[in-house]
1. For segment 72-206, with every protein chain kept in place, what is the accessible area per residue (1.4 Å probe, Å²)?
2. Tell me, what % of the accessible area of the chain is carbon and sulfur with a 1.4 angstrom probe?
3. Taking the Cα centre of segment 104-168 as origin, work out the dipole magnitude from +1 charges on Lys and Arg Cβ and -1 charges on Asp and Glu Cβ, in debye rounded to 20.
4. Once the whole set of protein chains is in place, how much accessible area is left on Asp137, using a 1.4 Å probe, in Å² to the nearest 10?
5. Local charge sum around Asp35 (other residues, Cβ-Cβ under 10 Å, Lys/Arg +1, Asp/Glu -1)?
6. Determine, for each peptide in 152-159, 190-197, the mean count of other beta carbons within 10 angstrom over its residues, then list the peptides with the highest first.
7. Name the residue, out of Val45, Val66, Val22, whose mean-square fluctuation peaks in a Gaussian network model built on the chain with Cα pairs under 10 Å.
Amino acid sequence: MRIDAAQLLEVLTRNEDCLGAVFCSYTFDPVFFEDRVLAGVLRLVSDPIEHAERFAFEARRQLQRVPVACIVDRHARRAGRRLPYDLLEVHQRTFHPKLSLVLYGAVAVLQVGSGNLTPSGWGENAELFFTRELRYDSPSDVSALQSAAAFIRRCAAMARTRGTQLDAVLAELDRRLTHTTTNSADQAPFTLLHAEDGAGILSQFL
């Protein structure tokens, strides 16, 4: 079996407007996230180092219309957040999922893998990620998106504060799924396994 090599940002970003995004990570580097990931997803053109003030203004203007939320482990996140996206921190347990869901006009891009939202996890290390484009008008893809949204809601429930942007992202997703009818025969093209409900991954897999 051949596994394709790619840069995560190249797979995640599109030459079109982002409608909302959610990221889950254990270790979280706000500077890397803002300067690289957020800049790519929101298609920011200003340089975050050479034109820091212009970059911050452009990013804040975009974040006024595009909701973005990150759910991270409180004890593993780094300092340095500068921009007004939701940063939801899980305090009372180790929070280890690495997932991103980015909404575009016709598709949502889902990534689940091993890399944290840091320079190492998203570029310097060799990490394994499962990436899928999921269409809002495909019943089977809608089932997968509903499963991912349910997982994200479960993760958000662990955070001490809820914020406002996560609900806006999920509301945008719900609006795009409203017109696609699903039934029990519409199986998702994959199964999202997780241990957040107390069931072990291995037992679910078996």
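1. On the way: 6980 Å² over 135 residues.
In whole numbers, segment 72-206 has 52 Å² accessible per residue.
2. Using a 1.4 Å probe with all protein chains present, the chain comes out at 48 percent carbon and sulfur.
3. Charge dipole of segment 104-168: 340 debye, to the nearest 20.
4. For Asp137, the solvent-accessible surface is approximately 90 Å².
5. Numbers: positive: Arg36, Arg82; negative: Asp29, Glu34, Asp47.
Once all neighbours under 10 Å are counted, the net charge is -1.
6. 152-159, 190-197
7. Ranking Val45, Val66, Val22 by mean-square fluctuation puts Val45 first.
The values are calculated or read from the model by the stated rules, or taken from the named source; none is laboratory data. These numbers were taken from a predicted model, which means no experiment stands behind them. With ideal geometry, Cβ positions are generated from the backbone for all residues, glycine too; neighbour counts draw on all protein chains shown. Quick note on the areas: whole protein, heavy atoms, side chains included, nothing else; ligands and nucleic acids left out. Shrake-Rupley method; radii C 1.70, N 1.55, O 1.52, S 1.80 Å.
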